[in-house]
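The structure appears below as structure tokens.
The values are calculated or read from the model by the stated rules, or taken from the named source; none is laboratory data. A quick note: this is a predicted structure, and the numbers were derived from the prediction, not measured. Methodologically, a virtual Cβ is constructed for each residue, glycine included, from the backbone with ideal geometry; neighbour enumeration extends over all protein chains shown.
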Amino acid sequence: MRLRYHHKLVFSVLIVFFLIEVLVAIAQDQETLKIESAYGAEDARFPPYLSTLLGAAASTGNTYQVLTNGDQIFAPMVDAIANARRRVSFETYIYEKGSVGEQFTAALERAAQRGVQVNLVVDAMGSSRIPSEWTERLRRAGARVGLFGKPQWYTLEELNYRTHRKILVVDGRVAFTGGVGVGDHWLGHAQDQDHWRDTMVRIEGPLAGFLEGAFNENFAETAGQVTPAVDPEPESTPRHGCWSILGLPVTASTYASRPPPSTASVDR
């Protein structure tokens, strides 16, 4: 009798895992887009062609510094947070316990304590091992912490809806982006199989503001009501200026819960 019960239990568990696998498979993108550029990257017509397709003008006046591996990456990022005066916007997929995580948590905590607006977004699955005491420390200091894509039993179709963005923007003028998260396996210089090789790019200039705009997209989805800020303050634009807003094919309920930022400024 007990053996029969055991078999039924195993069979039930297998069915549950099978259903979860089916739901995750359904959530995956089912098509591969095939796009061929009309112009090569060296063609003078390529920049305006790409700008038109993306609906965004090319950013100029930026400086770039390529940083390779933890030895070059972590110190400049932590230093940028330490020197923040107004705002820190940080989003990452992996944020886990270790010496690197403690460095970033302490730097963000100190920034919030001295009055800097600190906003952090971490992925619910990629950062599942972030210590709760760290997020509590940050919130007590005044930081806002958003958990992106927290799995719920009634939203299994969004189980694969993750943020793999790695964005740090300080005061709207200095930004870091690339492939590195907050974890000790990025320490060093990829000296062995336990230490990963990766790259980040330090950007200084107007492009940092565009990266912060990408951050605010997920920040609004995780932190409730937000008031996105830009720094430096934007110059006045004539009232007859216009923007082309790129929409996405979503359901009505999705649109209602995630309205475009432009609608938030409409006079009532």
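I'd like to verify a number: residues in region 177-214 that are polar (S, T, N, Q) and closer than 21 Å to ARG87 by Cβ, how many?
Restricting attention to region 177-214, the residues satisfying the condition of being polar (S, T, N, Q) are 177, 191, 193, 199.
Now drop any that are not closer than 21 Å to ARG87 by Cβ, which leaves 177.
Total satisfying the criteria: 1.
Only one of SER12, SER59 is over 23 Å from the mean Cα position of the chain (by Cα) and either modelled with pLDDT of 75 or more or surrounded by 13 or more Cβ atoms within 10 Å (Cβ to Cβ) (or both); which? Explain how you work it out, then say what you get.
Working: SER59 fails: over 23 Å from the mean Cα position of the chain (by Cα).
One residue alone meets the criteria, SER12.
From the list LEU147, LEU211, which residue is outside any loop (DSSP other than H, G, I, E, B) and buried (at least 19 other Cβ atoms within 10 Å of the Cβ)?
Numbers: LEU147 fails: buried (at least 19 other Cβ atoms within 10 Å of the Cβ).
Checking each option against the conditions leaves just LEU211.
Collect the residues in region 166-216 that are within 19 Å of LEU120 (Cβ to Cβ) and of a type in the set (Phe, Trp, Tyr), keeping them in residue-number order.
Within region 166-216, PHE176, TRP186, PHE215 qualify.
Go through region 99-126 and report how many residues are in contact (Cβ under 8 Å) with a residue 40 or more places away in the chain, more than 18 Å from VAL226 (Cα to Cα) and surrounded by 16 or more Cβ atoms within 10 Å (Cβ to Cβ).
Of the residues in region 99-126, the ones in contact (Cβ under 8 Å) with a residue 40 or more places away in the chain are 99-101, 104, 117, 119, 121, 123, 126.
With the extra rule that they be more than 18 Å from VAL226 (Cα to Cα), the set shrinks to 99-101, 104, 123, 126.
Those left that are additionally surrounded by 16 or more Cβ atoms within 10 Å (Cβ to Cβ): 100-101, 104, 123, 126.
Summing the residues that are in contact (Cβ under 8 Å) with a residue 40 or more places away in the chain, more than 18 Å from VAL226 (Cα to Cα) and surrounded by 16 or more Cβ atoms within 10 Å (Cβ to Cβ) in region 99-126 gives 5.
Would you call ARG87 within 18 Å of ALA214 (Cβ to Cβ) and at pLDDT 95 or above? Show your work before the answer.
Values: within 18 Å of ALA214 (Cβ to Cβ): yes; at pLDDT 95 or above: yes.
Considered against the rule, which asks whether it is within 18 Å of ALA214 (Cβ to Cβ) and at pLDDT 95 or above, ARG87 comes out as yes.
Going by the structure shown, is VAL230 surrounded by 10 or more Cβ atoms within 10 Å (Cβ to Cβ) and at pLDDT below 80? Talk me through it step by step, then tell me what you get.
Working: surrounded by 10 or more Cβ atoms within 10 Å (Cβ to Cβ): yes; at pLDDT below 80: yes.
For VAL230, the condition - surrounded by 10 or more Cβ atoms within 10 Å (Cβ to Cβ) and at pLDDT below 80 - is met.
Determine which single condition ALA75 fails, assuming it passes every other condition in (1) touching a strand residue (DSSP E or B) at 6+ places or on another chain (Cβ under 7 Å); (2) without any contact (Cβ under 8 Å) to a residue 24 or more places away in the chain.
Going through the list (1) touching a strand residue (DSSP E or B) at 6+ places or on another chain (Cβ under 7 Å); (2) without any contact (Cβ under 8 Å) to a residue 24 or more places away in the chain, ALA75 breaks only (1).
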